[in-house]
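Enquirer: The structure is given below, and queries will be raised subsequently.
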Protein chains: 2
Amino acid sequence: MIIALSGGVGGAKLALGLSRILPPEELMVVVNTGDDFEHLGLSISPDIDTVTYTLSGLANREVGWGRHDETWSFMETMESLGGETWFRLGDRDVALHVVRTRRLRAGETLSAVTADLCKRLGIGPRVIPMTDDRVRTRLLTEHGWLDFQDYFVHRRCEPVVRELAFEGAATATPHPAFMAALADPRLQAVVICPSNPFISVEPILAIPGVRAALVACKAPVIAVSPIIAGRAVKGPTAKMMTELGLDPSAGTVAHRYADLLDGYVIDHADMAEVVSIDARVTLAQTMMTTIEDREALARTVLDAAAVLRRRK
Amino acid sequence: MIIALSGGVGGAKLALGLSRILPPEELMVVVNTGDDFEHLGLSISPDIDTVTYTLSGLANREVGWGRHDETWSFMETMESLGGETWFRLGDRDVALHVVRTRRLRAGETLSAVTADLCKRLGIGPRVIPMTDDRVRTRLLTEHGWLDFQDYFVHRRCEPVVRELAFEGAATATPHPAFMAALADPRLQAVVICPSNPFISVEPILAIPGVRAALVACKAPVIAVSPIIAGRAVKGPTAKMMTELGLDPSAGTVAHRYADLLDGYVIDHADMAEVVSIDARVTLAQTMMTTIEDREALARTVLDAAAVLRRRK
């Protein structure tokens, strides 16, 4: 069994690579829910949706969110009726949010709804939210504290970030299947996907018990750097690091996971970083453009984990 | 000023005819809200929507509900995700419901939201809900009491109706602009559109004060029969009359409005009914197939009202 910790786009790409080389029952993708929010009366889980759309082959790979078979009548009409349109919701996407919202309101857990939606979308691996409790990432900026999607989508990550908080994390319970898998002797590796550490991975690590369980975990913990040559493949990771007074590098990301990291996969372009990283480093092509890139990186990660398992 | 009382399709057709021959400021359409319901977390007002879609030229004239420029990705996806699909909601229609639901939840009245949506849809005449309070039509059938849309859409009007109730009507307040218009000396006529008396017009009449105000009204009250030669143009009017032990005829409808009716427009086909009707009868072509039919019937109604005004 492999556990992959994932945020949105970058994480989902590697999760897809893993899903193509592992039997479905051997992969569990644990997804950040700090990005979740309520919008237009709908409960939206952007990272879970990116992961499920990616794993089901429905993702729009060009824009990195939503579905490739999407239509836009809903949004067009919202616009003409004076509704809020800053968060783009396709017609098919809205249907998923309506189904989820209805079921959550009826008392189902996010993980139960996600499991059922995955089944209906034909997804084999288990996709679970990091917690069924409410966690909300907020950012302190020059405009004060902002809700995540307000910062991320509405303000296009433009505000300067000074601090992050994961509201609700301290009292949240990690998903029991996640914790059970971490303690399972059959666990082969935990893969921290190349997602933004601040807004995608650290919300998962902020839930009580998760970080300690990863440190205690017998299987190797191996991360893939979301930074290539000082730049984020997508999103505000590098900008955010600079704003937080950190050097935007693969090494800095490794440092944030230092206590739990056994292995770290970085791009060939970052070879010089190796000296600053306190984990076994594997060099690879970490930019995932094609489906073959995703599979190749997944194989590299699993091979590196196999080496680490023999050493651990 | 002309007031038109309307339900859905048939009423909206005549309201459209009236809107094409009257200056916008001289027409007020008062719409039944007994059909309103909450579905998929959305506040839906079917009769208001049929009227506004019809007046704005957006209506789908073939099916009699929804928009002609509709797309169906939302519904297709709901189907694939196991959501409820018995009430067909197009992508554009969903946007309108989302906007309305949001605004109602934020504390706006249904009439304020309707007024704004009408403005955005370019509708000139005033369209107002019969009340801003919650009224829900329910039907006693062989399956017990059913919510209106469960009977009307989900069960396709198949259950046998024994009794109707308008929940909330007894404690509802009629829209103040409606009551003010009824008492306005400039009022020229009240037109009861050819809508189903039981489920479209009587919910309006059930609100305390409305029936008395119509009886007391100085302007003539003139109805158009929704029954032509013993059959309803659309919907379950005739079936419902038979089930309620009534003869499905233009005369029976007139009888239900007997205390308030000054004039009644029936189809040439129903000439024999004239003897049973206690109001001044005008014969006309009441089937509205083309836009010219709608205008012609509207003219007939206004002409008949003019004659009644001189007599009253």
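The values are calculated or read from the model by the stated rules, or taken from the named source; none is laboratory data. Since this is a predicted model, take the numbers as computed values, not measurements. All Cβ positions, glycine included, derive from the backbone under ideal geometry; neighbour counts span all protein chains shown.
Residue by residue, here is whether (1) of a type outside the set (A, V, I, L, M, F, W, C); (2) away from chain A (no Cβ under 14 Å); (3) in contact (Cβ under 8 Å) with a residue 60 or more places away in the chain holds:
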position: B:42; (1), (2), (3): no, no, no
position: B:51; (1), (2), (3): no, yes, yes
position: B:66; (1), (2), (3): yes, no, no
position: B:70; (1), (2), (3): yes, no, no
position: B:74; (1), (2), (3): no, no, no
position: B:78; (1), (2), (3): no, no, no
position: B:91; (1), (2), (3): yes, no, no
position: B:94; (1), (2), (3): no, no, no
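Enquirer: Of all residues in the stretch A:147-170, how many are more than 17 Å from the chain's Cα centre (by Cα), assigned to a strand (DSSP E or B) and crowded, with 19+ Cβ neighbours inside 10 Å?
Expert: 1
Enquirer: Within the stretch A:294-301, identify whether any single residue is modelled with pLDDT of 95 or more, within 24 Å of residue A:61 (Cα to Cα) and of a type in the set (S, T, N, Q), and answer yes or no.
Expert: From the stretch A:294-301, those modelled with pLDDT of 95 or more are A:294-301; that's our starting set.
Pick out the ones that are also within 24 Å of residue A:61 (Cα to Cα) and you get A:294-301.
Now drop any that are not of a type in the set (S, T, N, Q), which leaves A:300.
Looking through the stretch A:294-301, at least one residue is modelled with pLDDT of 95 or more, within 24 Å of residue A:61 (Cα to Cα) and of a type in the set (S, T, N, Q).
Enquirer: OK, next. Restricting the search to the stretch B:280-311, which residues are in contact with a Lys or Arg (Cβ under 7 Å, 6 or more places away or on another chain) and among the charged types (D, E, K, R)?
Expert: B:294, B:295
Enquirer: Another one. When you scan the stretch B:126-146, how many residues do you find that are of a type in the set (D, E, K, R), outside any loop (DSSP other than H, G, I, E, B) and either within 17 Å of residue B:12 (Cβ to Cβ) or touching a Gly at 6+ places or on another chain (Cβ under 8 Å) (or both)? Before the answer, list the steps.
Expert: Filtering the stretch B:126-146 down to residues of a type in the set (D, E, K, R) leaves B:126, B:132-134, B:136, B:138, B:142.
Filter once more, keeping what is outside any loop (DSSP other than H, G, I, E, B): B:126, B:136, B:138.
Checking the rest, the ones that are also either within 17 Å of residue B:12 (Cβ to Cβ) or touching a Gly at 6+ places or on another chain (Cβ under 8 Å) (or both) come to B:126, B:136.
Adding up the residues that qualify gives 2.
Enquirer: Moving on. Taking the options B:219, B:189, B:232, B:177, name whichever one is of a type in the set (Gly, Ala, Ser) and free of Cβ contacts under 8 Å to residues at least 60 places away in the same chain.
Expert: On the way: B:219 fails: free of Cβ contacts under 8 Å to residues at least 60 places away in the same chain; B:189 fails: free of Cβ contacts under 8 Å to residues at least 60 places away in the same chain; B:177 fails: free of Cβ contacts under 8 Å to residues at least 60 places away in the same chain.
Testing whether each residue is of a type in the set (Gly, Ala, Ser) and free of Cβ contacts under 8 Å to residues at least 60 places away in the same chain leaves just B:232.
Enquirer: Looking at the structure I just gave you, is residue B:123 in a loop (DSSP other than H, G, I, E, B) and among the hydrophobic types (A, V, I, L, M, F, W, C)? Let's see the steps before the verdict.
Expert: Numbers: in a loop (DSSP other than H, G, I, E, B): yes; among the hydrophobic types (A, V, I, L, M, F, W, C): yes.
Considered against the rule, which asks whether it is in a loop (DSSP other than H, G, I, E, B) and among the hydrophobic types (A, V, I, L, M, F, W, C), residue B:123 comes out as yes.
Enquirer: Follow-up question, since we're still on this one. Out of all the residues in the stretch B:262-270, is one or more surrounded by fewer than 20 Cβ atoms within 10 Å (Cβ to Cβ) and touching a helix residue (DSSP H, G or I) at 6+ places or on another chain (Cβ under 7 Å)? Outline the logic, then answer.
Expert: Here is the first cut: in the stretch B:262-270, the ones surrounded by fewer than 20 Cβ atoms within 10 Å (Cβ to Cβ) are B:268-269.
Checking the rest, the ones that are also touching a helix residue (DSSP H, G or I) at 6+ places or on another chain (Cβ under 7 Å) come to none.
There is no residue in the stretch B:262-270 that is surrounded by fewer than 20 Cβ atoms within 10 Å (Cβ to Cβ) and touching a helix residue (DSSP H, G or I) at 6+ places or on another chain (Cβ under 7 Å).
Enquirer: Tell me, please, whether a residue that is in contact with an Asp or Glu (Cβ under 6 Å, 6 or more places away or on another chain) and not basic (Lys, Arg) can be found in the stretch B:116-134. Before the answer, list the steps.
Expert: Start the filter on the stretch B:116-134 by keeping residues that are in contact with an Asp or Glu (Cβ under 6 Å, 6 or more places away or on another chain), which leaves none.
The answer is no, given that none of the residues of the stretch B:116-134 is in contact with an Asp or Glu (Cβ under 6 Å, 6 or more places away or on another chain) and not basic (Lys, Arg).
Enquirer: Within the set of pairs 6+ apart or on separate chains, which have a first residue in the stretch A:298-312 that is surrounded by fewer than 23 Cβ atoms within 10 Å (Cβ to Cβ), a second that is of a type in the set (Val, Ile, Thr) and assigned to a helix (DSSP H, G or I), and C-beta atoms under 8 Å apart?
Expert: Qualifying pairs under 8 Å: A:299/A:21; A:302/A:21.
Enquirer: May I pose another question? Please tell me if residue B:55 is touching a residue at least 40 places away in the same chain (Cβ under 8 Å) and more than 14 Å from chain A (Cβ to nearest Cβ). Step through it out loud before you land on a result.
Expert: Working: touching a residue at least 40 places away in the same chain (Cβ under 8 Å): yes; more than 14 Å from chain A (Cβ to nearest Cβ): yes.
So residue B:55 passes the test.
Enquirer: Checking residue B:111 against (1) polar (S, T, N, Q); (2) more than 13 Å from residue B:41 (Cα to Cα); (3) within 12 Å of chain A (Cβ to nearest Cβ), only one condition comes out false. Which one?
Expert: (3)
Enquirer: Going by the structure shown, is residue A:116 closer than 22 Å to residue A:152 by Cα and within 12 Å of chain B (Cβ to nearest Cβ)? So that I can check it myself, show each step before the final result.
Expert: Values: closer than 22 Å to residue A:152 by Cα: no; within 12 Å of chain B (Cβ to nearest Cβ): yes.
No.
Enquirer: Based on this model, can you work out whether residue A:272 counts as at pLDDT below 95, among the small types (Gly, Ala, Ser) and in contact with a Pro (Cβ under 6 Å, 6 or more places away or on another chain)? If you could, list the steps in order and put the result at the bottom.
Expert: Values: at pLDDT below 95: yes; among the small types (Gly, Ala, Ser): yes; in contact with a Pro (Cβ under 6 Å, 6 or more places away or on another chain): no.
For residue A:272, the condition - at pLDDT below 95, among the small types (Gly, Ala, Ser) and in contact with a Pro (Cβ under 6 Å, 6 or more places away or on another chain) - is not met.
Enquirer: So, residue B:178, is that one assigned to a helix (DSSP H, G or I), among the aromatic types (Phe, Trp, Tyr) and touching a helix residue (DSSP H, G or I) at 6+ places or on another chain (Cβ under 7 Å) or not?
Expert: Values: assigned to a helix (DSSP H, G or I): yes; among the aromatic types (Phe, Trp, Tyr): yes; touching a helix residue (DSSP H, G or I) at 6+ places or on another chain (Cβ under 7 Å): no.
No; evaluated as a whole, the condition is false for this residue.
Enquirer: Residue under question is residue A:201, and the condition is that it be in contact with a helix residue (DSSP H, G or I) (Cβ under 6 Å, 6 or more places away or on another chain) and either buried (at least 20 other Cβ atoms within 10 Å of the Cβ) or not in a helix (DSSP H, G or I) (or both); does it hold? Steps first, answer last, please.
Expert: Working: in contact with a helix residue (DSSP H, G or I) (Cβ under 6 Å, 6 or more places away or on another chain): no; either buried (at least 20 other Cβ atoms within 10 Å of the Cβ) or not in a helix (DSSP H, G or I) (or both): yes.
So residue A:201 fails the test.
Enquirer: Test residue A:122 against the criterion of being modelled with pLDDT of 95 or more and closer than 26 Å to residue A:294 by Cβ, and give yes or no. Steps first, please.
Expert: On the way: modelled with pLDDT of 95 or more: yes; closer than 26 Å to residue A:294 by Cβ: yes.
Spelling it out, residue A:122 is indeed modelled with pLDDT of 95 or more and closer than 26 Å to residue A:294 by Cβ.
Enquirer: Still on this structure, I have one more. So how many residues does the stretch B:28-43 have that are surrounded by fewer than 24 Cβ atoms within 10 Å (Cβ to Cβ) and of a type in the set (Gly, Ala, Ser)?
Expert: 2
Enquirer: Right, something else. Can you name every residue in the stretch B:262-279 that is in contact (Cβ under 8 Å) with a residue 24 or more places away in the chain and out of contact with any Lys or Arg (no Cβ under 8 Å at 6 or more places or on another chain)?
Expert: Quick first cut of the stretch B:262-279, residues in contact (Cβ under 8 Å) with a residue 24 or more places away in the chain only: B:262-267, B:269-270, B:273, B:276-279.
Answer for the stretch B:262-279, where residues must be in contact (Cβ under 8 Å) with a residue 24 or more places away in the chain and out of contact with any Lys or Arg (no Cβ under 8 Å at 6 or more places or on another chain): B:265, B:266, B:267, B:269, B:270, B:273, B:276, B:277, B:278, B:279.
Enquirer: I'm checking my understanding of the structure. Among residues of the stretch B:171-184 that are over 19 Å from the mean Cα position of the chain (by Cα) and within 21 Å of residue B:261 (Cβ to Cβ), which one is surrounded by the most Cβ atoms within 10 Å (Cβ to Cβ)? Step through it out loud before you land on a result.
Expert: First pass over the stretch B:171-184, keeping only residues over 19 Å from the mean Cα position of the chain (by Cα): B:171, B:180, B:183-184.
Still in the running and within 21 Å of residue B:261 (Cβ to Cβ): B:183-184.
Details: B:183: 11, B:184: 15.
In this case the residue turns out to be B:184.
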